[in-house]
Amino acid sequence: MTALIPKDRVGVLVGLGGTVKSTIEEKLFVDLKIDSPSGTVEIGVKPYAPDPSGTLQAKDIVVAIGRGFSPERAFRLFSEDNTLDIIDLHDFFGKNEAEIRRVDGRIIGREGKTRRILEELTGTAISVSGHTVSIIGGYEAVTMAKDALEKLIKGRQHGTVYKFLRRRRQEIKKEKALGLWEGQVPTAKKP
């Protein structure tokens, strides 16, 4: 399996003294062969790996680091409860780099405020890098964050998007509470 990351992110993937690379290899029973000049990462499964699907997880972690996440945030993908989703701004604006930079600024916000609020309201980690916006989190949280980001990309006001997220978060809490309530078996009281 192969992944391609920007050359300037290869050092982050390797880590100080190879720590990031070795952590991925040890936890997922894979071998990472990194070609620094091209940014190509070959991901192979170790012969004694208990589960060969570790290569898929490793690829997601490698791609996440390549998309600008710190290793610590990318390591959230060690949990199978988390997923990586990437929005390509070329799908919205083609090769219009000026428009992509403008939208990057809307998503990041002044001093990272917008991104931070989106992360807090959705429970996800978000990275804006080049022409992509990447999201790490649980499936439901990533879906909610992706909806919010697409609203911002399409020009919705920040306040409107925050309201949408707060309302959606309340709906999810109610659904979970209702599900828990309905799942309870009433116990008979003794007289």
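Just so it is clear, none of the values below were taken in a lab; they were calculated from the coordinates. Quantities reported herein were computed from a predicted structural model and do not represent experimental measurements. Virtual Cβ from ideal backbone geometry, glycine too; neighbours counted across all protein chains shown.
So the values come out like this:
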| quantity | calculated |
| --- | --- |
| Label-to-label distance, nm, for residues given as GLU120 and ILE172 (7 Å Cα→Cβ offset) | 1.6 |
| Loop-located trypsin sites (Lys or Arg not before Pro) in region 36-95, at most 15 other Cβ atoms within 10 Å (DSSP) | LYS95 |
| GluC sites (Glu not before Pro) restricted to DSSP loop in region 67-119 with at most 13 other C-beta within 10 Å | GLU80 |
| Linear extension gain, THR2 paired with SER38, 0.36 nm per residue minus alpha-carbon span | 11.7 nm |
| Entry for semi-axes √(5λ) of the Cα gyration tensor in Å (calculated from the structure that is shown) out of [x] 34, 23, 14; [y] 33, 27, 12; [z] 34, 19, 16 | [y] |
| For region 1-78, size of Cβ-based charge dipole, Lys and Arg +1, Asp and Glu -1, in debye | 180 |
| Highest-MSF residue in the chain out of ALA74, ALA177, ALA125 [GNM, Cα springs under 10 Å] | ALA177 |
| Computed E for PHE164/SER79 - FRET, C-beta separation, R0 25 angstrom, nearest 0.05 | 0.40 |
| Sequence-separation-based contact order of region 70-191, relative, with Cα cut under 8 Å and 6+ spacing, percent | 25 |
| Span-rule helices in the chain, defined as complete DSSP H runs reaching 15 Å or more along the axis (Cα) with Kyte mean at least -1.0 | 54-66, 97-108, 139-153 |
| Local electrostatic count, LEU152, Cβ distance below 12 Å [Lys/Arg +1, Asp/Glu -1] | +4 |
| Around GLY109: net Lys/Arg minus Asp/Glu count, Cβ-Cβ under 13 Å | +2 |
| Net charge contributed by nearby residues that have their C-beta within less than 11 Å of GLU25 (K/R +1, D/E -1) | +2 |
